[in-house]
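As structure tokens, the structure follows; a few thoughts come after it.
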Amino acid sequence: MVVVIMNASVWTNNSNVTEFNSLQQDIKTNVLIIGGGLAGILCAYMLKQAGVEYTLVEADRICSGITKNTTAKITSQHGLIYDKLIRKFDTEAARLYLQANEEALNKYKELCHNIDCDFEIKDAYTYTLEDNNKIEKEIAALKETGYAAQREDMLSLPFTVTGAVKFPNQAQFNPLKFIASIVKELNIYERTTVRELIGTTAVTDYGKITADKIIVATHFPFINKHGSYFLKMYQHRSYVIALENATDVNGMYVDEAKKGMSFRNYENLLLIGGGDHRTGKKGGNFEELESFAKQHYPNAQIKYRWATQDCMTLDGIAYIGRYSARTTNMYVATGFNKWGMTSSMVSAMLLCDLVQGKENPYEKVFSPSRTILRPQLAVNGFEAVVNLLTPTFKRCPHLGCALKWNPIEHTWDCPCHGSRFTKEGQLIDNPATSDLKIKN
Ligand code: FES
């Protein structure tokens, strides 16, 4: 296997996203959106369509964070989630979750019709290598919600599966080409960091933004004193390689197992995802993907490889809605649990209604104020206690946890909530908002 690696995602190659100026004066706006990833940009787009005045600010360049590292699968099939949702909540919650994501998928189909973004209709599959029962249960759960999912036993993958659930007519695209097209007319300031929020006034380095309402779309929310997101979420790291000279799998595939793999094609490349682990912990990394590729595609070449990071919630549903029960005029979109494409669109549709004071049928399902009494809460609490008590000089500026050296990517990673820093201490991933002070 010849390895020709570009350590960047395939989307960043040839991407041509408009640059925007930074804020240089005080302004007023109706809705301030903080964060220029896909969720924030779609919120801006929807608000513009609805005739609501808004401003979006991004601390760096738009799409410089997680959005550029997605595998860009647009599907309402989020692993084997529907059986879990019925057991954790009820059939109605599962039905609403499905409906919200179907609406998101359809919105992409409508928008992408006229956009050159390599949009393709593809079937989505979640497969298992182990327990056939899980497939049967998921199909039964979907039937309860009114969705006729199909079972498949033979997939175009280079190994045998026990069974799979198929969602026909889902989609995939090039996310940066899509964004490059929709951002052109939007009101955006780049390289504009919000240093502080005083009520709904945002303080940046060169101007204040007085807003009526604020949407926080910063991947991991950066305001700690409300919403307890540091208890409700952790981050998960995963890896992608893009192979040339591999097969066309003609669909989008994901293993139901937590540490399983995912597959899709883009142009002449096969994208394989996997190697997952909690940020700051050990996992399969690129090595796992590369040895899989060597075994199953010995004549292929690795053209790109990159890593990504996802916010994981306590119950598998994103947090979209009011930032907390106590705050007014502040909204959030976070915790997409690896399903960022449809979750971003659901965020935009839901928050666009909420900021206008309109009712939305999905408000309750995605409410960030829903119960936190889930087993994952104890796991998050345990990690926080252990890492707060671990003695080391390298402490995370977010809430003080001990940082772990990541020898694969040469970064300092925080196991508590997933902040990451370069070897020199420069902030890469939030929720930390400042660089690391390295003492030698
Ligand atoms: Fe929260 Fe490090 S990310 S303590």
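Roughly what would the spin-label model give for Leu388 and Asp153, points 7 Å off Cα along C-beta, in nm? Those two pseudo-labels are separated by 5.3 nm. Projecting the Cα atoms of Asn106, Trp405, Ala246 onto the charge dipole of the chain (Cβ charges, centred on the Cα centre) puts Trp405 farthest toward the positive pole. Take every pair of alpha-carbon atoms less than 8 Å apart whose residues are at least six positions apart; their mean separation over the length of region 1-117 yields a relative contact order of 20 percent. Out of every Cα pair in region 275-324, what percent are spaced more than 14 Å from each other? That fraction is 67 percent. PRE reach from Arg374 (point 7 Å along Cα→Cβ): which of region 324-364 fall under 13 Å by backbone N? Taking a point 7 Å out along Cα→Cβ of Arg374, the residues of region 324-364 whose backbone N falls under 13 Å are 334-339. When Rg and the Kirkwood Rh are both derived from Cα coordinates, the Rg/Rh ratio for region 285-370 amounts to 1.22.
If packing is taken as the mean number of other Cβ atoms within 10 Å per residue, what is the order of 198-209, 158-169, highest first? Walk me through the numbers before you get to the answer.
Details: 198-209: 16.0, 158-169: 17.5.
Answer by packing, highest mean first, reads 158-169, 198-209.
Normalised by 2.2 N^0.38 Å, where N is the number of residues, the alpha-carbon radius of gyration of region 1-158 equals 1.33.
With 32 Å as the limit, the listed pairs Lys137/Lys294; Lys28/Lys437; Lys122/Lys213; Lys166/Lys423; Lys84/Lys109 have Lys137/Lys294; Lys28/Lys437; Lys122/Lys213; Lys166/Lys423 beyond it between alpha carbons.
Amide H contacts of Tyr266 (H built 1.01 Å from N, in plane; Pro and chain starts excluded): Leu271 sit under 5 Å, all sequence-distant by 5 or more or on other chains. One quarter of the convex hull surface built on the alpha carbon atoms of region 125-194 amounts to 9.0 nm², the projected area averaged over directions. The magnitude of the dipole of the chain, with charges of +1 and -1 set on the Cβ of Lys/Arg and Asp/Glu and taken from the Cα centre, is near 1220 debye. For region 203-338, the alpha-carbon coordinates run over 57, 32, 27 Å along the three principal axes, in decreasing order. The residue among Met233, Tyr125, Ile188 whose Cα reaches farthest toward the positive pole of the charge dipole of the chain, with charges on the beta-carbon of Lys, Arg, Asp and Glu, is Met233. Under the simplified labelling scheme, the Thr193-Lys143 pair shows an inter-label distance of 5.5 nm, with each label point 7 Å from Cα along Cα→Cβ. With no solvent and one point on each alpha carbon, what is the Debye value of log10 I(q)/I(0) for region 320-440 at q = 0.09, 0.12, 0.13 Å⁻¹? Evaluating at q = 0.09, 0.12, 0.13 Å⁻¹ gives log10 I(q)/I(0) of -0.35, -0.60, -0.69.
Compared with the alpha-carbon gap, the fully stretched path from Gln426 to Thr160 is longer by 91.4 nm at 0.36 nm per residue. Computed on the Cα atoms alone, the convex hull of region 52-112 gives a volume of 159 cubic angstrom per residue. Note on region 115-221: with charges restricted to the Cβ of Lys and Arg (+1) and Asp and Glu (-1), its dipole about the Cα centre is near 320 debye.
Note on region 97-246: along the principal axes its Cα atoms extend 58, 39, 34 Å, ordered by decreasing extent.
When the Cα positions of Thr327, Asn268, Asn299 are compared along the charge dipole of region 267-373, Thr327 comes out farthest toward the positive end, with charges on each C-beta of Lys, Arg, Asp and Glu. Note on region 203-276: percent of Cα-Cα distances in each 10 Å bin, starting at 0 and stopping at the bin with the largest distance, equals 15, 28, 21, 19, 16, 1.
Which net charge results for the neighbourhood of Tyr323, defined as the other residues with beta-carbon distances under 15 angstrom from its beta-carbon, given Lys and Arg at +1 and Asp and Glu at -1? Don't jump to the answer; show the numbers that get you there.
Working: positive: Lys213, Lys225, Lys232, Arg322, Arg326, Arg370; negative: Asp212, Glu363.
Overall, the nearby charge balance is +4.
Ellipsoid fit via the Cα gyration tensor, the chain: semi-axes of 32, 26, 23 Å, each the root of five times an eigenvalue, largest first. Peptides 5-16, 215-226, 393-404 ranked from most to least packed by the mean count of surrounding Cβ atoms within 10 Å: 215-226, 393-404, 5-16.
Short to long, the 5 Å bins of the Cα pair-distance histogram for region 31-81 hold 5, 19, 22, 18, 16, 14, 5, 1 percent of all pairs. Remark: relative contact order (region 79-172) = 35 percent; criterion is Cα-Cα distance under 8 angstrom and separation of 6 or more residues. Here the contact order of the chain, divided by its residue count and restricted to Cα pairs under 8 Å and six or more residues apart, works out to 20 percent.
Using a cut-off of 18 Å between Cα atoms, the listed pairs Lys143/Lys259; Lys48/Lys184; Lys134/Lys282 include Lys143/Lys259; Lys134/Lys282 as exceeding that distance. Summarising the label geometry, the points placed 7 Å from Cα in the beta-carbon direction at Asn106 and Asn132 lie 3.6 nm from one another.
Bear in mind these aren't lab numbers, they're just calculated from the coordinates by the rules spelled out. Quick caveat: nothing in here was measured; it's all calculated off a predicted structure. No Cβ is skipped: glycine too gets one built from the backbone with ideal geometry, and neighbour counts run over all protein chains shown.
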